[in-house]
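Worksheet: one structure, shown below.
Laboratory data are not the source of any read-out in this text; all were calculated from the coordinates shown. Just so it is clear, the model here is predicted, and its values are computed rather than measured. Cβ: placed from backbone, ideal geometry, glycine included. Neighbour counts: every protein chain shown.
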Amino acid sequence: MNASAPDVLCLSSLSIPEIARLLSRYDLRLEMIGDGEKIPGSYWGEPEAGIIGSTVYARRDTPLHSLLHEACHLIVLPPEKRAAVHTDATDSIPEEDATCYLQIVLAGRIDGAGSERLMRDMDAWGYTFRLGSARAWFENDAEDARQWLRERDLLD
């Protein structure tokens with residue numbers, strides 16, 4: 001994966017309090033780490049977001065797609081399983097698909113971000129989808145992810 005992909009939207013360009021409020025709706029906490037400091041629970045390493053329990057860790061240079069992806073891993077888990085999470089949330093394909101879908105939806109709720117931008121950033125970073133792009137997958141191949149999220153009341 002390409003953590004240094006050019007022109008991906010980072011938290012420094014967005015309202016961090018707005019993002020923290022969004023995460024709090026799902027009983028998650030955002031903890032901002034100082035510039036240059038190690039990000040706890042980061043699977044891919046800095047500047048990618050990390051997760052431990054119900055906390056998402058990030059820095060100002062953390063890409064939004066990374067923060068949302070890790071947060072959505074926690075959102076799709078039952079609350080009782082969140083406490084055991086450290087760095088790697090799941091190896092379940094349905095949960096991974098639901099995570100990708102939900103991160104695109106949630107990006108649409110963040111001023112200055114949006115679902116379109118997030119999908120471009122996912123492609124730039126190196127997410128891979130059968131249809132070749134995040135947008136093609138989201139629009140044409142994600143019914144199983146939508147259904148999985150609806151069954152758990154995670155989509156409006």
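Computed values, structure above
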quantity: Close pairs from the stretch 10-34: first under 21 Å from residue 117 (Cβ atoms), partner surrounded by fewer than 11 Cβ atoms within 10 Å (Cβ to Cβ) and of a type in the set (A, V, I, L, M, F, W, C), Cβ under 7 Å, at least 6 apart; calculated: none
quantity: Set 149, 118: member being under 23 Å from residue 19 (Cβ atoms), touching a Gly at 6+ places or on another chain (Cβ under 9 Å) and not in a loop (DSSP other than H, G, I, E, B); calculated: 118
quantity: Of all residues making up the stretch 60-80, the number that are over 20 Å from residue 91 (Cβ atoms) and crowded, with 23+ Cβ neighbours inside 10 Å; calculated: 5
quantity: Residue under evaluation residue 130, criteria (1) surrounded by 13 or more Cβ atoms within 10 Å (Cβ to Cβ); (2) farther than 30 Å from residue 17 by Cβ, criterion not met; calculated: (1)
quantity: Selection within the stretch 13-28 - of a type in the set (Asp, Glu) and part of a helix (DSSP H, G or I); calculated: 18
quantity: Within the stretch 78-106, tally of residues that are over 9 Å from the mean Cα position of the chain (by Cα), over 15 Å from residue 24 (Cα atoms) and not in a strand (DSSP E or B); calculated: 20
quantity: Qualifying position, being under 19 Å from residue 13 (Cα atoms), touching a residue at least 24 places away in the same chain (Cβ under 8 Å) and polar (S, T, N, Q), among 62, 99, 87; calculated: 62
quantity: Residues satisfying the stated conditions in the stretch 102-138, i.e. aliphatic (A, V, I, L, M) and either touching a residue at least 40 places away in the same chain (Cβ under 8 Å) or closer than 15 Å to residue 67 by Cα (or both); calculated: 102, 104, 105, 106, 107, 110, 113, 118, 119, 122, 124
quantity: Within the stretch 109-127, considering residues that are aliphatic (A, V, I, L, M) and in contact with a helix residue (DSSP H, G or I) (Cβ under 6 Å, 6 or more places away or on another chain), the one surrounded by the fewest Cβ atoms within 10 Å (Cβ to Cβ); calculated: 113
